[in-house]
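Data block below; observations after.
The values are calculated or read from the model by the stated rules, or taken from the named source; none is laboratory data. Remember, it's a predicted structure, so these values are computed and weren't measured experimentally. FYI the Cβ positions are ideal-geometry reconstructions off the backbone, even for glycines, and counts take in every protein chain you see. Note: areas computed on protein heavy atoms with side chains; ligands, DNA, RNA excluded. Shrake-Rupley method; radii C 1.70, N 1.55, O 1.52, S 1.80 Å.
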Amino acid sequence: MKKIKNIRNLIIAMLCLTIICMGIGFAYLSMKLEEKNSEQPSFNVSITKVETDTSVKGGYIAPNGTYEIINEGKTVNFNFDLNSPKDELAYTITIKNTGTIPAKIIKLLATPDYIKDKKEAAYIAPVTITHNDIEQTILAPSKEVKINLVASYGMGNTANKVSIPYQLTILATSTN
């Protein structure tokens, strides 16, 4: 009889402990849910960093390039100084979705557009500027995408130092 009472008391204690744990868990989940519901959806896609990759020196003087992130991280300005044929500058540009909703990169706007505009490309010849296409890329919150940008001085009739300005701007929209 005493053994049955002890078992019953043990079961009651376990049930009480279970109810207390469930109450604590419910309070914790309730706080987390309230935090999540109070978050306002935000949209922010921006250029977070630009890294200089290995440059190639085609002559005696190494090529040089500068960059500046402006316009609240939406635009990056470059200036490429290439000295002789076979010079090459390479950059990796990181674009990140720092918002809380998914975003889609609509367009990568280049100014001047040395890639698609033949007239502008002829103006800087024999220098070429290339980068990978990230248009229509969808970025989830906290995700990023990288652009590999290369400015190279090809073989041409002249071997003069050239200084080329270039600007990339990202245009994005929410997918919601």
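Quick rundown of the values:
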read-out: The stretch 71-116, subset closer than 25 Å to Thr54 by Cα and of a type in the set (Asp, Glu), residue surrounded by the most Cβ atoms within 10 Å (Cβ to Cβ); value: Asp87
read-out: Filter result (touching a residue at least 60 places away in the same chain (Cβ under 8 Å) and in contact with a Lys or Arg (Cβ under 9 Å, 6 or more places away or on another chain)) within the stretch 62-96; value: Pro63, Asp81, Leu82, Asn83, Ser84, Lys86, Asp87, Glu88, Ile93, Ile95
read-out: Residue match in the stretch 30-43 (condition: touching a Leu at 6+ places or on another chain (Cβ under 9 Å), crowded, with 17+ Cβ neighbours inside 10 Å, not in a helix (DSSP H, G or I) and not acidic (Asp, Glu)); value: no
read-out: Residues of the stretch 56-73 that turn out to be under 22 Å from the mean Cα position of the chain (by Cα) and either assigned to a strand (DSSP E or B) or at negative phi (or both), as a count; value: 6
read-out: Given (1) surrounded by 16 or more Cβ atoms within 10 Å (Cβ to Cβ); (2) closer than 29 Å to Val150 by Cα; (3) touching a residue at least 60 places away in the same chain (Cβ under 8 Å), number of the condition Val50 does not satisfy; value: (3)
read-out: Residue pairs meeting the criteria (Cβ under 9 Å; at least 6 apart or on separate chains; first outside any loop (DSSP other than H, G, I, E, B), in the stretch 111-134; second open to solvent by less than 60 Å² (accessible area, probe 1.4 Å) and charged (D, E, K, R)); value: Glu120/Asp113; Ala121/Asp113; Val127/Asp87
read-out: Flag if Glu51 is among the charged types (D, E, K, R), under 22 Å from the mean Cα position of the chain (by Cα) and at pLDDT 90 or above; value: yes
read-out: Answer from Asn176, Asn132 - the residue that is of a type in the set (S, T, N, Q), modelled with pLDDT of 90 or more, surrounded by fewer than 18 Cβ atoms within 10 Å (Cβ to Cβ) and under 26 Å from Ser46 (Cα atoms); value: Asn132
read-out: Qualifying residue in the stretch 118-127 (condition: aliphatic (A, V, I, L, M) and under 16 Å from Leu171 (Cβ atoms)); value: no
read-out: Residue check, Phe26 farther than 30 Å from Lys161 by Cβ, hydrophobic (A, V, I, L, M, F, W, C) and part of a loop (DSSP other than H, G, I, E, B); value: no
read-out: Subset of the stretch 147-160 (residues that are exposed (fewer than 14 other Cβ atoms within 10 Å of the Cβ) and at pLDDT 90 or above); value: Asn148
